[in-house]
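Taking it in order: structure first as structure tokens, then the write-up.
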Amino acid sequence: MKRSLRPLPGLAITLALAAAFPPFALGQTPQTNPAPPPGGGPPHEFPAPTNLKVLPKNLTGEQVRQIMHEWSGGLGVRCSTCHGADPTKKTPDGKPQLNYADDSKEEKRTARVMYQMLEDINVKYVSKVPNSDMPVTCGTCHRGSLDPEPFVIPNPRPPQGLPPGVGGPPPPHP
């Protein structure tokens, strides 16, 4: 079973985006979605990203939004976890608009480090495992929770075939 929430490693992200979004492959950066959203209404505009530091700088706003939704799903968080509100701008419903370019939140800086870690793991290690088609993702460890539970081995026991006292609890003192 393949996971649906997974970042693509380095070159693979460029190739996948080039295949999925031909303007990306041509170096063009469309900033609006020409098709109306489901349920009708005007097309939604996704502003061009202005502060990309680990993602390719030529991604469109819509492409970045799609990646961010995958990350937020893997972490079980909302956009406001990493992005602070801009008190000078309001959404149509009167709430403060998020400032996506702002780097003041520690969670955003951590997300960038974690993304680089995933890229390294997937490119340097997972890609070298034969028949490995399942890269490490945010959800691999987080499983929909911002603070993942530590892994605990159930009923730890020493591997078979080791001499007594090696790999297991120390012997009782006489």
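The values are calculated or read from the model by the stated rules, or taken from the named source; none is laboratory data. Note that the coordinates shown come from a computational prediction; the quantities given were computed from them, not determined experimentally. Every residue, glycine among them, receives a Cβ derived from its backbone with ideal geometry; neighbour counts consider all protein chains shown.
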The one condition in (1) farther than 23 Å from residue 108 by Cα; (2) modelled with pLDDT of 65 or more; (3) surrounded by 14 or more Cβ atoms within 10 Å (Cβ to Cβ) that residue 30 fails to fulfil = (2)
note = Reported set for region 99-117 where residues are touching a residue at least 12 places away in the same chain (Cβ under 8 Å) and within 22 Å of residue 145 (Cβ to Cβ) is 105, 107, 108, 111, 112, 114, 115, 116
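Rundown of residues vs (1) closer than 26 Å to residue 70 by Cβ; (2) more than 19 Å from the chain's Cα centre (by Cα); (3) at pLDDT below 95, yes/no style:
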| residue | (1), (2), (3) |
| --- | --- |
| 117 | yes, no, no |
| 122 | yes, no, no |
| 133 | yes, no, yes |
| 148 | yes, no, yes |
| 151 | yes, yes, yes |
| 155 | no, yes, yes |
| 159 | no, yes, yes |
message = Looking only at residues that are touching a residue at least 12 places away in the same chain (Cβ under 8 Å) and part of a helix (DSSP H, G or I) in region 72-98, which one is nearest to residue 146 (Cα to Cα)?
response = 75
ask   = What number goes with the only condition from (1) β-branched (Val, Ile, Thr); (2) at pLDDT 95 or above; (3) part of a strand (DSSP E or B) that residue 113 does not pass?
value = (3)
